[in-house]
Structure formats: structure tokens, C-alpha cells
Amino acid sequence: MSRASPLAPVGVLVLVVGLLASALLLASGVASGQPSERQGVPTLAEAEAQLAAAQTRNQQAQTDVVDLEASYLATQDALDLLDAREGLLLTQLADARTNAIALAVASYVGGGEAIKEVELLLGPGQASDISWRRHLVVAQASNVSAAASNYSELAFAAGTEIHQLAIGAQRAQVAYEVAAAEAETAAQHLSDVEQLHIIALAWHRSDIAVAEGRYGEAPAANWERLRMCEATGNYGAISKSGIYRGAYQFDRQTWRTVGGEGDPAAAPPLEQDARARELFARRGNAPWPVCGRFLP
């Protein structure tokens, strides 16, 4: 790094809410200036366990949402076809009704048992107005009952099928929407845990650097002074040239040497702190030609 490369701070921003919330606080912004000694950062082993669990949850959630979406779309297709199927059912019902009426007219006995079926098919008013009702053949009464029963069963079956289809479609939609919400939550959780794992790995690297390097640690207060000197404490700071970025004004090449990826200024404060700590442990205050005077 030229003008000022980051030093690894012994201290870190105070985390506000829980592990994930704290680790993912701000990718940029003005630091609080209150180092917290990596508060809220899990060990690498803990972070890896959380990552594995989050990956499993996300994979299952994505599988579930694909399966339930397929079921939901199938019910929607069935509903789209309902008009055509319902039309067929209605045709069958009409045929059954016509057949039953024809039989009833042919066998209607005045005051006989078939009167009930005819009233079912024609309505009581029309049935009572048939002038030749007394001349129908009694022997056809059983056929009338069977035809009327067939009509009633078809009507019931059609109504039940359509009703069950509607219920099934509604249930499939609810199940899919719940699964989609869980998939979104699981994906976001995985993203958060992945970021936390990056931070945990950065601190693990800095621990090794402190143990192996020549320069050890710098006090938290010194890191705060360095950040104020380099970037007025702003973890999202970018130099006028655009070369130096973040609270420790890393250039991208130096950022990569301590394991960083992407834009240093976009990295969470805890990650910037850890990578600066590693840099200092290995190279001392040399990466910060001006502000490095605040570090021992």
C-alpha cells in the first residue's frame, strides 16, 4: 500500500444485536470509535458449523419450494381446465336429466312412487300439470327412480370434485407461499452466515499473524487514532484518487495479500479490523507512512 495501508485493529466496533446482526452491521459508514475486542465474532470452528447448518437449511428450503411450486402450478393448471371439464360434466348431467325426464313422462303414475322423481326433475308445478299422468305405465317406475338417482349422483360427484379441486388448489397455494417465504429467509440467513464466516476466517488469520509475526498487537486506542487519521473513522471512506479505501485506506492489492476480496470499503468493519490487524502483525506500521505514527 502506498500512502496508508490498514493496520489490524485489536479492537472492533461494538456489535449491536447478536452474532449475525453485529457481524453484518455496516458495510460502510462512520465507525463508533469504540473498539470492542472482536466482540460477537465466533471462532472459525463455530462459524464453519453455523455455515454447514445454514447451507443444509437453505438446500432443503430451495428443494421444498421447487417441489411445492410444481404442485401449486399443477393445481392452477387443473383450475384453468376446469371450465372444459365442468362443461363435460354439465353435458353428462344434461343427458342424464333428459333421459330421466323421458322415462318419467313415459311411466308417471298418478300418485305413484315416481311422482317424487318427476318433481325432482321437473319441479312440483310442472309435474302436477301433466294432463296424462294417470295413463303412464307403472312398470317403468323403477327405471325412473334409477335415472333420477343417476342424475343426482352425477350432480353430487361434479360438485364434490370441483369443491375438492378448489380446496386442494388453495392448500397448495398456501403451502407454496409458506415454502417460498422460508426459502427466502433461509437464503438470507445463509448469506449472513457466509459473511460471518468470512469475518471469523479473517480474525483467525490475524490470530496466526499475531502469533507468527514480528510486530504483535497494537492497543485498541491506537487503532482508533489511526482510523481517524486515515479516514476520519469512516469504514466506507474512499480517497480522492479512488485507490485507497475503507477505514484503513487499503489499496486493493494489499487487501488481497491479507485474504480480502472485493472492495475494502464495502467490507464490514469487523473484517476491515481483522485484516488491518494481520497486516500490522506482519509488516508493522510501514503500510501507513503518515498515520502509522499512531501505532507502536
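General observations
- Residues in region 222-265 that are small (Gly, Ala, Ser) and in contact (Cβ under 8 Å) with a residue 12 or more places away in the chain: Ala231, Gly233, Gly236, Ala237, Ser239, Gly246, Ala247, Gly259, Gly260, Ala265.
- Residue in region 35-52 that is assigned to a helix (DSSP H, G or I), at pLDDT 95 or above and within 24 Å of Glu177 (Cβ to Cβ) present: no
- A residue that is touching a strand residue (DSSP E or B) at 6+ places or on another chain (Cβ under 6 Å), assigned by TED's automatic domain parsing to the domain that holds Ala209 and either crowded, with 24+ Cβ neighbours inside 10 Å or not acidic (Asp, Glu) (or both) can be found somewhere in region 255-277.
- Within the option set Ala281, Ala247, being part of a helix (DSSP H, G or I) and of a type in the set (A, V, I, L, M, F, W, C) holds for one residue only, Ala281.
- Some residue of region 250-264 being within 37 Å of the chain's Cα centre (by Cα), among the hydroxyl-bearing types (Ser, Thr, Tyr) and within 28 Å of Asp192 (Cα to Cα): yes
- Scanning region 211-221 for any residue that is buried (at least 21 other Cβ atoms within 10 Å of the Cβ), part of a loop (DSSP other than H, G, I, E, B) and of a type outside the set (Asp, Glu) turns up at least one such residue.
- All conditions in (1) at negative phi; (2) modelled with pLDDT of 50 or more; (3) crowded, with 19+ Cβ neighbours inside 10 Å hold for Ser28, with the sole exception of (2).
- Residue satisfying condition, being modelled with pLDDT under 95 and in contact with a Pro (Cβ under 8 Å, 6 or more places away or on another chain), within set Ala220, Ala276, Ala247: Ala220
The values are calculated or read from the model by the stated rules, or taken from the named source; none is laboratory data. Bear in mind the structure is a predicted one, so any value in this text is a computation, not a measurement. Cβ: placed from backbone, ideal geometry, glycine included. Neighbour counts: every protein chain shown.
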